[in-house]
Amino acid sequence: MKSVAFLGLGVMGYPMAGHLKARGHHVTVYNRTAAKALKWVAERGGRSMPTPREAAEGQDIVLACVGNDDDLMQVTLGPDGAFAGMKPGTLFIDHTTASADAARELHAQAAKHGIGFIDAPVSGGQAGAENAALTVMCGGNANDYARAEPVIAAFAKACRLMGPSGAGQLTKMVNQICIAGLVQGVAEGIAFGQKAGLDIEAVISVISKGAAQSWQMENRYKTMAEGKFDFGFAVDWMRKDLGICLAESRRNGAQLPVTALVDQFYSDVQAMGGSRWDTSSLIARLTR
Ligand code: NAP
């Protein structure tokens, strides 16, 4: 069992850190809003620290799941960042969805301290985090990955090294590009079915057994049909992810017309007050 710290107890981090504790690891948590860290400790045990540096001191491995590139830099770099508290030979695993550039930059910064760095964004949503069923796509070197994988196993159903530093984030971009158009497709299908006067339960029970089946359909059709979005993966975070994908495509020349369009649809949802709604809220702009 390892001594680990977990930085960022959000929708994803809170249950992920819980699975590490349940596996028997010695867990120290840090959360910017301290009340959440205190609640976690009261429920699960372990201990909390007021800064990333203090949480990281003395640990074998430090994991993080914060919002975006800037947040990630804040919890890793600087005098109160985790790297300042970590010893040479330890490992940092980042589960934030961030840019490939940020991963490469932090890999290089970590190396200066003798620390290993794995970019390890996740897929599977809030339910995947709560049920220890996340898919984890990693970038970094093979030795660091070999140390990371048994720890990640506490909350993952699949985990794979995709290539050098940044390759995990690039794989996550593919994941988000595939999801963007798909969620819009499910939203259009359900909104159409409702207008057509069909029983959506019956429709999904049939078509989810055929070629239209998807994770989004199976896990989101019910709440989409009911107009409930107060959970899950926030629209603000999806726009952050799609922004990362679009920026990367400008560099590598890939064409992302549907991704760019769906990004604009999400800006409509934000204007409707849906910044924290689940990404399945694309249907809300079709049914308003
Ligand atoms: P969230 O609920 O908004 O939680 C974000 C966490 O990061 C909170 O603990 C927040 O602290 C912390 N944080 C943000 N900025 C910070 C900063 N500058 N310094 C220190 N801590 C900071 O987000 P989430 O849904 O868990 O998502 C976290 C990451 O996972 C994101 O990159 C997201 O894209 C990715 N992701 C999410 C899902 C999903 O379904 N939710 C799925 C796959 C990937 P406070 O409590 O103080 O705000």
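Only the coordinates and a few stated rules stand behind these numbers; no lab work does. In this text the structure is predicted, and so the values were computed from the model without any measurement. Cβ sites come from the backbone with ideal geometry, for glycine too, and all protein chains shown count toward neighbours.
Shape class for region 87-218, computed from the alpha carbon gyration tensor (a ≥ b ≥ c): prolate, with a/c not under 1.5 and a/b above b/c. Here the 3J(HN,Hα) profile of region 190-206, calculated from phi with Karplus coefficients 6.51, -1.76 and 1.60 at θ = phi - 60°, is 5, 4, 5, x, 5, 4, 7, x, 7, 7, 4, 4, 5, 4, 5, 4, 7 Hz, Gly and Pro shown as x. Listed cross-link partners 36/172; 36/87; 87/240; 172/228 are compared with a 29 Å cut-off, the Cα-Cα value being larger for 87/240. If the viscosity is 1.002 mPa s and the temperature 20 °C, what translational diffusion coefficient in µm²/s does Stokes-Einstein give for region 133-288 when Rh comes from Kirkwood over Cα pairs? The estimated diffusion coefficient comes to 126 µm²/s. Ordered from longest to shortest, the equivalent ellipsoid semi-axes for the chain are 35, 21, 17 Å, each the square root of 5 times a Cα gyration tensor eigenvalue.
The convex hull around the C-alpha trace of region 157-199, projected and averaged over every direction, spans 4.3 square nanometres. Packing-based ranking of 157-167, 117-127 yields 117-127, 157-167, ordered from highest to lowest mean Cβ neighbour count within 10 Å. For residue 2, the aspartates and glutamates whose Cα comes closer than 13 Å to its Cα, not counting residues fewer than 8 places off in the same chain, are 60, 149. Taking the chain as a Gaussian network of alpha-carbon nodes connected by springs under 10 Å, the highest mean-square fluctuation of the residues 63, 261, 106 belongs to 261.
In whole Å and largest first, what semi-axes does the C-alpha gyration tensor of region 3-164 yield when each eigenvalue is scaled by 5 and square-rooted? Could you put the intermediate results ahead of the total?
Working: eigenvalues 83, 69, 40 Å².
Computed over region 3-164, the values are 20, 19, 14 Å.
Among 80, 144, 230, the residue with the largest mean-square fluctuation in a Gaussian network model of the chain, with springs joining Cα atoms closer than 10 Å, is 230.
Please work out the C-alpha center-to-center distance from region 116-168 to region 1-18 and express it in whole Å. The distance from the Cα centre of region 116-168 to that of region 1-18 comes to 14 Å. Computed from backbone phi with θ = phi - 60° and the Karplus coefficients 6.51, -1.76 and 1.60, the 3J(HN,Hα) list for region 51-63 is 9, x, 4, 5, 5, 7, 4, x, 8, 6, 9, 10, 10 Hz; x is used for glycine and proline.
The alpha carbons of region 205-288 give a radius of gyration and a Dmax of 14.1, 42 Å, in that order. Here residue 209 is the anchor, and the lysines within straight C-alpha reach of less than 19 Å, apart from those fewer than 8 places off in the same chain, are 222. When the chain is treated as a GNM with alpha-carbon contacts under 10 Å, the residue of 219, 131, 68 showing the greatest mean-square fluctuation is 219. By the gyration tensor of its Cα atoms, with a ≥ b ≥ c the square roots of the eigenvalues, what is the shape of region 1-70: rounded for a/c under 1.5, prolate for a/b over b/c, or oblate? Rounded, since a/c falls under 1.5.
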